[in-house]
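Visitor: Below is one structure. I have some questions about it.
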């Protein structure tokens, strides 16, 4: 089966799917966050993605992918003032710049650019590195994985799916890390053994991207 064109409208529908999947994981994300933080990460993510879903739902059929990502950036930032708000604003805005002028995103390399741009934007804004027990510990491995697949060929569906799986397994592996950034960093070694909520929600986002983009 050949995937349908990944147009701007398809990206918008996918972001609506992301919002649903994040909301269904809200309690789990809050539970993870409660071990080392305020316990509200699931709420913040749900509020942000609900806002994104409402905004992109209004976009016309002819919308370009870059416009969808830019609207998503602005919508998320409007609703979420917590630390995660500026990070997702930066990530979605970077995705918009990465696909500027393209009418469809049908290749693995398109999504490798998107994930790479998102990772770089979050890294720059948060001044964090791989291993700091942050969102980047799920995003960077996924971005590196799909970048490698872009040179090897294969189906976009398989590439997005396996990237989501890499992100999730990497998020689970954050249990072994000691946080270097954010509120959890104050706990030091006491935060070891706890899975990072931000990395986990990012993995859920990428899993939802794979599902949404691959759906008919």
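Rule-based calculations on the coordinates, nothing more; no lab input. Owing to the predicted nature of the structure, the values given are computational and were not obtained by experimental measurement. We place every Cβ from the backbone using ideal geometry, glycine too, and count neighbours over all the protein chains shown.
Visitor: How about the stretch 78-93: which of its residues are over 19 Å from residue 38 (Cα atoms) and surrounded by fewer than 23 Cβ atoms within 10 Å (Cβ to Cβ)?
Guide: Scanning the stretch 78-93 gives 78, 89, 90, 93.
Visitor: Of the conditions (1) free of Cβ contacts under 8 Å to residues at least 24 places away in the same chain; (2) over 14 Å from the mean Cα position of the chain (by Cα); (3) part of a helix (DSSP H, G or I), residue 81 satisfies every one except a single condition; which number is it?
Guide: (3)
Visitor: Need the failing condition index for residue 45 against (1) crowded, with 19+ Cβ neighbours inside 10 Å; (2) touching a strand residue (DSSP E or B) at 6+ places or on another chain (Cβ under 9 Å); (3) touching a residue at least 60 places away in the same chain (Cβ under 8 Å), just the number.
Guide: (2)
Visitor: Only one residue in 61, 31 is surrounded by fewer than 18 Cβ atoms within 10 Å (Cβ to Cβ) and either in contact (Cβ under 8 Å) with a residue 12 or more places away in the chain or within 21 Å of residue 213 (Cβ to Cβ) (or both). Which one?
Guide: Values: 31 fails: either in contact (Cβ under 8 Å) with a residue 12 or more places away in the chain or within 21 Å of residue 213 (Cβ to Cβ) (or both).
Result of the check over 61, 31: 61.
Visitor: Suppose we filter 119, 128, 112, 138 for residues that are in contact with a helix residue (DSSP H, G or I) (Cβ under 8 Å, 6 or more places away or on another chain) and farther than 19 Å from residue 171 by Cβ; which single one remains?
Guide: Details: 119 fails: farther than 19 Å from residue 171 by Cβ; 128 fails: farther than 19 Å from residue 171 by Cβ; 138 fails: farther than 19 Å from residue 171 by Cβ.
When all the criteria are applied, what remains is 112.
Visitor: While we're on this one: Inside the stretch 129-164, can you point out the residues that are free of Cβ contacts under 8 Å to residues at least 12 places away in the same chain and either assigned to a helix (DSSP H, G or I) or buried (at least 21 other Cβ atoms within 10 Å of the Cβ) (or both)?
Guide: Scanning the stretch 129-164 gives 144, 148, 151, 152, 158.
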